[in-house]
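To keep things clear, I will list the structure first and then write my remarks on it.
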Amino acid sequence: MSMIKTPPPIDAAQNHHVMLEYQALLDNLPLGIAFIRDGCFLHCNRHLSDIFGWPDGQLAGQPVSLLTPSAQAYTELSSLAVTVLGSGQRLDTELLMQKQDRSTLWCRLLANAIDPTDPAKGQLYIIEDITERRAADASAQLLLLEHQAILDNVSLAITFTRKRRFLHCNQRFSEMFGWPSDELIQQTTDILYPSPQALAELSNLARATLGSGQRLDTELLMRRRDGTTFWCRMLAKAIDPDNLGKGSIYITEDITERKNAQEALVRARDHLELRVEERTAELATANQCLQTEILERLQAEKQIRHLADHDALTDLPNRRLLEHRLRQAMAVAKRSGNQMVVMFIDLDSFKPINDLLGHRVGDLLLQAVAKRLRNLLRAVDTVARIGGDEFVLVLPDMHSQATAREAARRILSALVQPHQIEGNTLTVTPSIGISHYPEHGADVDTLIGRADDAMYRAKQMGRSNYQFYIDPSKE
């Protein structure tokens, strides 16, 4: 008959030693640990006391409700714990809790019942202070919302793809392709291409270009949700050229109108060349006529380029050419350290003249004012008409405010002189607003806008005068 060996009994000293080892282990864990029975703390480690600002050992025997910010919060936690732990599951939740000094903190709480069938045996709770993580999550969410707002307000379609699936897109992308963003996410990118061949060609090009660390820049035909196709310019950059699996950023621009214009120009050019060839074949001896036609073509192209950058009525630079000249002037001023001046001119009482004597007289008056302004300026200066009776001047190399003031006086003095238009003696006075680069702005829109603000201030001061821009916060 075999003898069953029983383990030797643990004496009190050995038991005390084991308990000390367990306590040392619990006190050195980076998590708060507590044993709870009947809604009160039976035991907790030092880290839990530190989390909630209680002296070590003083939580024992205290009700758990001391760590909740309100009776309602305690009731909600108790109800959740009874439901989850009573079903044998582990409780895992995040909630707002309270320190001894009544300040609050966010905690992650994990709990298990000692015996799910007998709540009286108590529960084991693990508590982690996640206040910093919650704050970081909130900051990250706010930053994400700010970035999304930026993306949704740009005029280009932007999307982020990984492994040929859409992970994110902005509002313009959804509008351009007719796909709501929530339906587009996780869709494969082939839905945007008119054929598998078109997708394969782009994929091969993108893989070679992005994998070399370069930016993809191409034009191709793409497909909307309704099946219609349109021309796009696509720019793309890999997140990591060494690992294309991390995804890529794509920027897409609808260039259908530009392509149509280019195609129309090509057709017009082809048609013209055909006419020239036919003419040459038929009239081999009419070389002079051919040369004349070529010259006319060059002149027409030159005229088209000129009209694209100039006001049709006054032949002054238009807004587009003005912005180009202004950017050039700012670059020169930045290198030289000199100031540059922008003047915004609006003609006082022009509308009554235009209404009383008709648009023809008004147009002639605007042409006369434009000529007078052109004659006043230097070769390096620019005067542009940006609409109606509004003109903008760009004056580089203005060494001081006094220099700008003298220029404004000369312009004011010249423009108040009467004009003789079809038997009418007409007088219009200018209201002039002035802004300085770089003092009043470092970009085109800001400098023109602040000169415009100063012009309105000149009108408020009685018209027929000039005013420099004044920052409203410094008035």
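Say we look at the range 185-201 and pick out the residues that are without any contact (Cβ under 8 Å) to a residue 24 or more places away in the chain and surrounded by 13 or more Cβ atoms within 10 Å (Cβ to Cβ); which of these is nearest to Arg258 (Cα to Cα)?
Ala198
Of all residues in the range 299-320 being in a helix (DSSP H, G or I) and among the small types (Gly, Ala, Ser), which is nearest to Asp389 (Cα to Cα)?
Here the answer is Ala308.
Which one of Ala138, Ala113, Ala81, Ala157 is more than 30 Å from Trp231 (Cβ to Cβ) and either at pLDDT below 90 or under 36 Å from the mean Cα position of the chain (by Cα) (or both)?
Values: Ala113 fails: either at pLDDT below 90 or under 36 Å from the mean Cα position of the chain (by Cα) (or both); Ala81 fails: either at pLDDT below 90 or under 36 Å from the mean Cα position of the chain (by Cα) (or both); Ala157 fails: more than 30 Å from Trp231 (Cβ to Cβ).
Checking each option against the conditions leaves just Ala138.
Run down Glu323, Glu296, Glu273, Glu277 and say which single residue is modelled with pLDDT under 80, out of contact with any Gly (no Cβ under 9 Å at 6 or more places or on another chain) and either assigned to a helix (DSSP H, G or I) or among the hydrophobic types (A, V, I, L, M, F, W, C) (or both).
After applying the criteria, what remains is Glu296.
Among the numbered criteria (1) surrounded by 14 or more Cβ atoms within 10 Å (Cβ to Cβ); (2) more than 27 Å from the chain's Cα centre (by Cα), which single criterion is violated by Tyr250?
Of the numbered conditions (1) surrounded by 14 or more Cβ atoms within 10 Å (Cβ to Cβ); (2) more than 27 Å from the chain's Cα centre (by Cα), the odd one out for Tyr250 is (2).
Being more than 17 Å from Asp118 (Cβ to Cβ) and either surrounded by 13 or more Cβ atoms within 10 Å (Cβ to Cβ) or of a type in the set (A, V, I, L, M, F, W, C) (or both) is the filter here, so list the residues in the range 79-89 that pass it.
Passing the criteria: only Leu80.
Of everything in the range 340-358 that's β-branched (Val, Ile, Thr) and assigned to a strand (DSSP E or B), which residue is surrounded by the most Cβ atoms within 10 Å (Cβ to Cβ)?
Start the filter on the range 340-358 by keeping residues that are β-branched (Val, Ile, Thr), which leaves 341-342, 345, 353.
Remaining after also requiring assigned to a strand (DSSP E or B): 341-342, 345.
On the way: Val341: 27, Val342: 32, Ile345: 25.
Ranking the candidates gives Val342 first.
Determine, yes or no, whether Phe350 is of a type in the set (Phe, Trp, Tyr) and touching a strand residue (DSSP E or B) at 6+ places or on another chain (Cβ under 9 Å).
It is false that Phe350 is of a type in the set (Phe, Trp, Tyr) and touching a strand residue (DSSP E or B) at 6+ places or on another chain (Cβ under 9 Å).
Quick check on my filter: what residues within the range 107-116 are in contact with a strand residue (DSSP E or B) (Cβ under 8 Å, 6 or more places away or on another chain) and surrounded by fewer than 18 Cβ atoms within 10 Å (Cβ to Cβ)?
We begin by selecting, within the range 107-116, every residue in contact with a strand residue (DSSP E or B) (Cβ under 8 Å, 6 or more places away or on another chain); these are 107-114.
Of everything in the range 107-116, those that are in contact with a strand residue (DSSP E or B) (Cβ under 8 Å, 6 or more places away or on another chain) and surrounded by fewer than 18 Cβ atoms within 10 Å (Cβ to Cβ) turn out to be Arg108, Leu110, Asn112, Ile114.
Are there strands (runs of 3 or more DSSP E) fully within the range 160-262 with at least 1 residues that are under 30 Å from Glu301 (Cβ atoms), β-branched (Val, Ile, Thr) and outside the structural domain of Glu301 (by TED's automatic domain parsing)? List them.
216-223
Of everything in the range 106-117, what is touching a residue at least 12 places away in the same chain (Cβ under 8 Å) and either assigned to a loop (DSSP other than H, G, I, E, B) or under 10 Å from Leu67 (Cα atoms) (or both)? Give them in sequence order.
Hit for the range 106-117 is Pro116, nothing else.
Return a yes/no flag: does the range 302-325 have any residue that is of a type in the set (A, V, I, L, M), surrounded by 17 or more Cβ atoms within 10 Å (Cβ to Cβ) and under 27 Å from the mean Cα position of the chain (by Cα).
The answer is yes; a qualifying residue exists.
Leu364 passes all but one of (1) at pLDDT 95 or above; (2) part of a helix (DSSP H, G or I); (3) under 30 Å from the mean Cα position of the chain (by Cα); which number fails?
It fails just one condition, (3).
The values are calculated or read from the model by the stated rules, or taken from the named source; none is laboratory data. Remember, predicted model here, so these are calculated numbers, not experimental data. Heads up, the Cβs are rebuilt from the backbone with ideal geometry, glycines too, and the neighbour counts pull from every protein chain shown.
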